[in-house]
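Structure first, then comments.
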Amino acid sequence: MKVTFLGTGTSYGVPMIGCECRVCTSDNPRNSRTRSSIIVSEEECCILIDAATELRIQCLKNKVKKLDAVLLTHSHADHVLGLDDLRHFNRNQKGNIPVYGSKNTLNRIYRMFSYAFREVSSNDIKPKFTLTPIDGTFNLSGMEITPVDVMHGQEKVTAYRFNKFAYVTDVSQIPQDSMEKLRGLDLLVIAALRNIPHEKHFSIEQAVNMVSRLKPKQTFFTHIAHDIEHEETNDLLPSGINLAYDGLSVEV
């Protein structure tokens with residue numbers, strides 16, 4: 001299994017519009033972060049987790065030419081606005097793409113992208129996707145996937161576990177029963193926003209503490225804010241934990 005980080009930034013992206021901080025003006029490409037999303041691929045199966053705002057650009061840079069399914073963690077704009085770009089894959093693959101998520105997430109997607117579900121002429125250019133609510137572990141092309149509930153402030157977000165790999169974004173709390181589902185991992189990807197505490201996101205310190213409890217073999221932090229310098233922060237992280245960056249690929 002291969003995990004490719006299409007984007008590793010927050011909802012603002014890095015650099016932020018109008019910001020002249022040292023990270024936003026850095027010439028280190030690892031300090032440039034599009035909105036967070038990943039590709040999980042195994043053999044011929046290619047699954048996108050979250051359709052970030054810059055999905056078109058991310059797919060071009062990473063040569064993503066095929067999508068078998070999309071998994072959504074939640075319905076915030078930075079995680080779903082790229083769904084319109086599924087129409088490129090619809091055209092190439094000549095079919096709908098299944099989009100998975102919680103019932104609450106998919107209800108919001110139906111409202112946000114109502115134009116995609118209207119009956120129109122066959123020549124109309126719009127994304128074509130089938131909303132598929134998840135309820136427990138499911139299987140995609142031989143990959144067993146377990147949804148895991150985590151909290152993003154007061155809102156429930158869906159993390160996903162694929163065998164020995166798990167992806168957890170936009171998280172401020174992990175309930176005890178969900179923690180049990182995240183043990184025994186070879187690779188954990190988890191959001192770590194910044195050094196300063198935030199009511200809806202783990203800080204880097206909080207994420208490090210969570211990793212020490214879950215004990216995965218390797219961890220990458222994602223959903224990283226503009227005030228986190230890549231190299232400097234990496235040097236301070238414990239062994240086995242690193243910041244991810246746009247374009248990074250990891251074998252599991």
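Each row is one residue, and each column tells you yes or no for (1) modelled with pLDDT under 95; (2) in a loop (DSSP other than H, G, I, E, B); (3) surrounded by 14 or more Cβ atoms within 10 Å (Cβ to Cβ).
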{"position": "70", "(1), (2), (3)": "no, no, yes"}
{"position": "75", "(1), (2), (3)": "no, yes, yes"}
{"position": "81", "(1), (2), (3)": "no, no, yes"}
{"position": "88", "(1), (2), (3)": "yes, no, yes"}
{"position": "108", "(1), (2), (3)": "no, no, yes"}
{"position": "116", "(1), (2), (3)": "yes, no, yes"}
{"position": "122", "(1), (2), (3)": "yes, yes, no"}
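Provide a single number: the residues in region 209-228 that are open to solvent by less than 30 Å² (accessible area, probe 1.4 Å), on the phi < 0 side of the Ramachandran plot and not polar (S, T, N, Q). Full working, then the answer.
Filtering region 209-228 down to residues open to solvent by less than 30 Å² (accessible area, probe 1.4 Å) leaves 210-211, 214, 216, 219-225, 228.
Now narrow it down to the ones that are on the phi < 0 side of the Ramachandran plot: 210-211, 214, 216, 219-222, 224-225, 228.
So of that shortlist, the ones also not polar (S, T, N, Q) come out as 210-211, 214, 216, 220-221, 224-225, 228.
Result for region 209-228: 9.
Six or more apart or on different chains, Cβ under 6 Å: which pairs go from a residue in region 78-90 that's under 12 Å from residue 108 (Cβ atoms) to one that's open to solvent by 40 Å² or more (accessible area, probe 1.4 Å)? Could you list them?
none
May I ask you to say which residue of 188, 182 is part of a strand (DSSP E or B) and either free of Cβ contacts under 8 Å to residues at least 40 places away in the same chain or open to solvent by 80 Å² or more (accessible area, probe 1.4 Å) (or both)? If you could, list the steps in order and put the result at the bottom.
Details: 182 fails: part of a strand (DSSP E or B).
It is 188.
I need the full set of residues from region 24-52 which are in a loop (DSSP other than H, G, I, E, B), of a type in the set (Val, Ile, Thr) and surrounded by fewer than 22 Cβ atoms within 10 Å (Cβ to Cβ), in order please.
Just the residues of region 24-52 that are in a loop (DSSP other than H, G, I, E, B), to begin with: 24-28, 32, 34, 36, 43-44, 50-52.
When the remaining residues are screened for being of a type in the set (Val, Ile, Thr), the result is 25, 34.
Hit for region 24-52 is 25, nothing else.
Return the residues of region 124-133 that are open to solvent by 60 Å² or more (accessible area, probe 1.4 Å) and either at pLDDT 95 or above or in a strand (DSSP E or B) (or both); say none if nothing qualifies.
130, 133
Output the number of the condition that residue 236 fails; it satisfies all remaining conditions of (1) touching a residue at least 24 places away in the same chain (Cβ under 8 Å); (2) open to solvent by 10 Å² or more (accessible area, probe 1.4 Å); (3) closer than 24 Å to residue 21 by Cβ.
(1)
Determine, yes or no, whether residue 246 is of a type in the set (Asp, Glu), in contact with a strand residue (DSSP E or B) (Cβ under 7 Å, 6 or more places away or on another chain) and more than 23 Å from residue 28 (Cβ to Cβ).
Numbers: of a type in the set (Asp, Glu): yes; in contact with a strand residue (DSSP E or B) (Cβ under 7 Å, 6 or more places away or on another chain): yes; more than 23 Å from residue 28 (Cβ to Cβ): no.
No; evaluated as a whole, the condition is false for this residue.
Please work out which residue is most open to solvent (accessible area, probe 1.4 Å), limiting yourself to region 134-163 and to residues that are without any contact (Cβ under 8 Å) to a residue 40 or more places away in the chain, in a strand (DSSP E or B) and in contact with a Ser or Thr (Cβ under 7 Å, 6 or more places away or on another chain).
Going through the qualifying residues, I end up with 144.
The values are calculated or read from the model by the stated rules, or taken from the named source; none is laboratory data. All values derive from a computational prediction rather than experimental measurement. When we count neighbours, we look across all protein chains shown, and the Cβ atoms used for this are built from the backbone with ideal geometry, even at glycine. Only protein heavy atoms, including side chains, enter the accessible area calculation; ligands, DNA and RNA are left aside. Shrake-Rupley method; radii C 1.70, N 1.55, O 1.52, S 1.80 Å.
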